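Right, one structure below, let's go through it.
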Amino acid sequence: SKIFLDFLPAYRVGVKLCETSNHEEMEEEIAKGCDVVYIETPTNPTLKIIDIRRICVAAKRAGAIVIADNTFASPINQNPIQLGADLVIHSATKFLCGHSDAMGGLLAGKKELVKKVFQFREINGASLQADPAYLIARGMKTLELRLERQNASALKIAQYLQSHSKVSEVFYPGLENHPGHAIAKEQMRGFGGVLSFSLDGNYEMVKKFLKKLELVHLAASLGSVGTLAGPPRTTSHVELTEAQRQMLGIPESLIRYSVGIENVEDLLEDLEQALAAL
Ligand SMILES: Cc1ncc(COP(=O)(O)O)c(C=O)c1O
């Protein structure tokens, strides 16, 4: 978010943020004219779903290209280029690497567009070194296997959390009552390994809960073989002000939970004991 809220405006790039659960509003904004429509679906951290095909149609009509951040879904679960996007980006640090031990980024799409970025990157830095490139390439060999487990476990965990009295809201597109469930079913093969939920309480309760988790690493990342959890307030969205987080619909008591490949019964037991301690 900081790139769009602070950095791009500093380069005199006009940015208009849209509420991603309102497709009509997005279409209206796109029709006013723009060069790039940048989307992320499911979104970080509240897993909102954007209809990729619909937004690509609106962008094409306005002569804009579409860039889709596919990090949360992974290429196993979703392929935005097949739905009309021009470029797809991934934080390869996450599911592609899969082991939280290398950082990198990946861009895929139309050759002439990728070439432009490749040349810019060549001169401006951000080239991947051989060691992380090797770890990411090796991690990708097990991507499908990991995602199969992570999709299944995340759904079970989301369903469990939804029925718990100390959890006020669960955000996971695989849940039938998720507002984006129908679109997610259309455009995704699986709903991914990341979910988020808010506790029925304040940030102090979140801190207490996280301390009680025994099988989970508290970290800002996601997409690893090991389950990772953290409050967006002090991890992924720490750079934003409270007002900006409010604007993006990020509750104070939100916890992002990235499911690993551990036995799901163990993870459920761990959540149960941590919630019971509140
Ligand atoms: C959806 C999404 N895209 C991009 C990034 C940026 O990743 P990196 O730090 O590997 O550049 C993140 C990191 O959290 C992310 O969650």
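Just so you know, all these numbers are worked out from the coordinates, no wet-lab data involved. Just so we're clear, the structure is a prediction, and the values are computed from it rather than from any experiment. Neighbour counts are summed over all protein chains in view; Cβ atoms, including those assigned to glycine, are modelled from backbone coordinates with ideal geometry.
Shown for Arg149, Arg256: other C-beta atoms within 10 Å of each C-beta, ranked fewest to most, produce the order Arg149, Arg256.
Converting phi to 3J(HN,Hα) with the Karplus coefficients 6.51, -1.76 and 1.60 and the offset θ = phi - 60°, the stretch 244-249 yields 5, 5, 4, 4, 8, x Hz in sequence order, with x at every glycine or proline.
Derived from the Cα gyration tensor, the three semi-axes of the equivalent ellipsoid of the stretch 228-273 are 27, 10, 7 Å, largest first.
With viscosity set to 1.567 mPa s and temperature to 4 °C, compute the Stokes-Einstein D of the chain, Rh being the Kirkwood radius across alpha carbon pairs; µm²/s, no decimals. For the chosen part, D equals 66 µm²/s.
In terms of other Cβ atoms within 10 Å, Thr142, Thr43, Thr227 run from fewest to most in the order Thr142, Thr43, Thr227.
Take the Cα radius of gyration of the stretch 56-126 and divide it by 2.2 N^0.38 Å, with N its residue count; two decimals is plenty.
Details: Rg = 13.4 Å, N = 71, 2.2 N^0.38 = 11.1 Å.
The reported ratio for this selection is 1.20.
Exceedance of the 32 Å cut-off in Cα-Cα distance is limited, within the set Lys115/Lys156; Lys32/Lys185; Lys94/Lys208; Lys2/Lys60; Lys32/Lys94, to Lys115/Lys156; Lys32/Lys94. Only bridges whose two residues both fall in the chain count here: according to DSSP, what percent of them are antiparallel, nearest 5? Roughly 65 percent of the DSSP beta bridges within the chain come out antiparallel.
Shape analysis of the stretch 1-149 yields a ratio of the Cα radius of gyration to the Kirkwood radius, Rg/Rh, of 0.97. With everything on Cα atoms, drop me the angle between helix 143-162 and the longest principal axis of the chain, reported from 0 to 90° to the nearest 10. So the helix axis and the longest Cα principal axis differ by about 60 degrees. Divided by 2.2 N^0.38 Å, where N counts the residues, the Cα radius of gyration of the stretch 143-216 comes to 1.21.
Over all projection directions, the Cα-based convex hull of the stretch 143-276 averages an area of 7.9 nm².
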